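The values are calculated or read from the model by the stated rules, or taken from the named source; none is laboratory data. Worth saying up front: this structure is predicted, and the values here are computed from it rather than measured. Neighbour counts run over all protein chains shown; Cβ positions are idealised from the backbone, glycine included. Heavy atoms of the whole protein, side chains included, go into the accessibility calculation; ligands, DNA and RNA do not. Shrake-Rupley method; radii C 1.70, N 1.55, O 1.52, S 1.80 Å.
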Amino acid sequence: MDRQKMMLHHLRVNGSGNVADLAEALGVSPSTVRRDLADLSDRRLLTRVRGGASLSGVQTEPTRSRRAISHEPEKRRIGAAAADRVADGSTLLISGGTTTEAMVPFLADKDRLTVLTNALNIANRLSLYPAITVVVLGGILRHEEMSLLGPIAERTLAEFHVDTAFYSAFGIDARHGLYGAHALEASTDRSLLASATSLTVLADHTKFGQRGPVRLAPPGVIDCLITDASADTPTLTALRAQGVEIVTC
């Protein structure tokens, strides 16, 4: 792990850090820390504060483990509503994400399903149900998300006819549609979004108005959006006016 990555890890763990503490933790001089902080601030990866830096105000994606326990009841309801829309004999794509993962247990009573996924955690959950045929797309592992990315995943996906893709969004708004959190994932995410006859997006209310650095797809590509009752009403109204079916639960 290089020095700046170690610095960001320290800030994620502690929330903030001063120059002296960072210099001691990294074994470098305070002047080196200040140069790194200036560089990271210019790249909008942290916020400079008096004497150090903080991640406050920086739009970052929480870790998968933190997201898994965040708004868990809402995600279960969204997952159940998503599974209710799955017909026996379907071929599905389920993207990585804690909201899409929540739908997996509700697929247990479906017959003759084939599920494609680029997420190892979802494949592991699906392995509990032997009646479901599971296709893991392959690719380069993004360790912190347990997702597989890159041209191998995209080429494998192109070999299948997918009825419905269920996609867990980082962010969504009515003007620009779906946002991604990481530029390196963008190509694979766009392939996932375009892979199916129908696209269903799963997003709890915290995803509304949240913008990442990457615009993935406009609102018009979304066939159905499943969310919870706390979702932003004006955004839902605007999306519905653009032809998106809205399901709240």
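Where does the longest stretch of the chain lie that holds no GluC sites (Glu not before Pro) found in a DSSP loop with 15 or fewer other Cβ atoms within 10 Å?
Value returned for the longest uninterrupted segment is 1-143.
For the chain, what is the relative contact order in percent, using Cα pairs closer than 8 Å and at least 6 residues apart in sequence? Don't jump to the answer; show the numbers that get you there.
Details: 486 pairs, mean separation 35.4, N = 249.
Taking the mean separation of contacting Cα pairs over the length of the chain, I get 14 percent.
Where the accessible area of the chain is counted over protein heavy atoms with a 1.4 Å probe, how much of it, in %, is carbon and sulfur?
Values: 6140 of 12200 Å².
Roughly 50 percent, rounded to a whole number.
Give me the distance in nm between label points sitting 7 Å out from Cα along the Cα-to-Cβ direction at Cys249 and Leu184, one decimal.
Each label point is offset 7 Å from its Cα along the Cβ direction, giving 3.3 nm.
With equal scatterers on the alpha carbons only and no solvent term, can you work out the Debye log10 of I(q)/I(0) for the chain at 0.18 1/Å?
Cα-only, vacuum Debye calculation for the chain: -1.31.
Let me know the charge dipole size of the chain about its Cα centre in debye, to the nearest 20, where only the beta-carbon of Lys, Arg (+1) and Asp, Glu (-1) is charged. Before the final figure, lay out the partial values.
Working: 27 positive and 27 negative charges, 141 e Å.
Value, rounded to 20: 680 debye.
With the chain treated as a Gaussian network of Cα nodes joined by springs under 10 Å, which of Leu184, Leu192, Leu26 yields the largest mean-square fluctuation?
Between Leu184, Leu192, Leu26, it is Leu26 that shows the largest mean-square fluctuation.
Have a look at Leu193, Leu149, Leu40 and tell me which one the Gaussian network model of the chain (Cα, springs below 10 Å) gives the largest fluctuation.
Comparing Leu193, Leu149, Leu40 in a Gaussian network model of the chain, the most mobile one is Leu40.
May I ask you to compute the full-extension gain from Ala229 to Ala20, defined as 0.36 nm times their residue separation minus their alpha-carbon distance, rounded to one decimal in nm?
Working: separation 209, 0.36 × 209 = 75.24 nm, distance 4.62 nm.
Extra length available between Ala229 and Ala20 comes to 70.6 nm.
Which is the longest part of the chain that has none of the trypsin sites (Lys or Arg not before Pro) sitting in a DSSP loop with at most 12 other Cβ atoms within 10 Å? The partial results should precede the final answer.
Values: sites that count: Arg43, Arg44, Arg50, Arg112, Arg175.
The longest such stretch corresponds to 176-249.
Considering only Pro130, Ala231, Ser195, whose Cα is most displaced toward the positive end of the charge dipole of the stretch 110-249, charges sitting on Cβ of Lys, Arg (+1) and Asp, Glu (-1)?
Looking along the dipole axis, the top candidate is Ser195.
Can you give the helix-only mean residue ellipticity at 222 nm for the chain, where every DSSP H stretch with n ≥ 4 adds -39500 (n - 2.57) and the sum goes over all residues, rounded to the nearest 500 deg cm²/dmol? Before the final figure, lay out each step's value.
Numbers: 10 runs with 87 residues, N = 249.
Mean residue ellipticity at 222 nm (helix-derived): -9500 deg cm²/dmol.
Accessible area per residue of the stretch 85-231 at 1.4 Å probe, in Å²?
On the way: 5990 Å² over 147 residues.
Using a 1.4 Å probe on heavy atoms only, each residue of the stretch 85-231 averages 41 Å².
Please provide three numbers in whole Å: the alpha-carbon extents of the stretch 89-156 along the principal axes, with the largest listed first.
On the principal axes, the stretch 89-156 reaches 32, 23, 16 Å in Cα extent.
Separation between the Arg175 and Arg215 pseudo-spin-labels, each 7 Å from Cα along Cα→Cβ, expressed in nm?
1.0 nm
Which residue, Ala203, Ala165, Ala80, tops the fluctuation ranking in a GNM of the chain built on C-alpha contacts under 10 Å?
Evaluated over the chain, the most mobile residue of the options is Ala80.
So between Thr237 and Ala108, what do we pick up on full extension, going 0.36 nm a residue minus the alpha carbon distance? Provide the component values of the computation, followed by the final result.
Numbers: separation 129, 0.36 × 129 = 46.44 nm, distance 3.32 nm.
Using 0.36 nm per residue and subtracting the Cα-Cα distance, I get 43.1 nm.
At 0.36 nm per residue, minus the direct Cα-Cα distance, what do Ala87 and Ala131 gain on full extension? Give it in nm, one decimal, please.
Values: separation 44, 0.36 × 44 = 15.84 nm, distance 1.45 nm.
Once the chain is fully extended between Ala87 and Ala131, it gains 14.4 nm.
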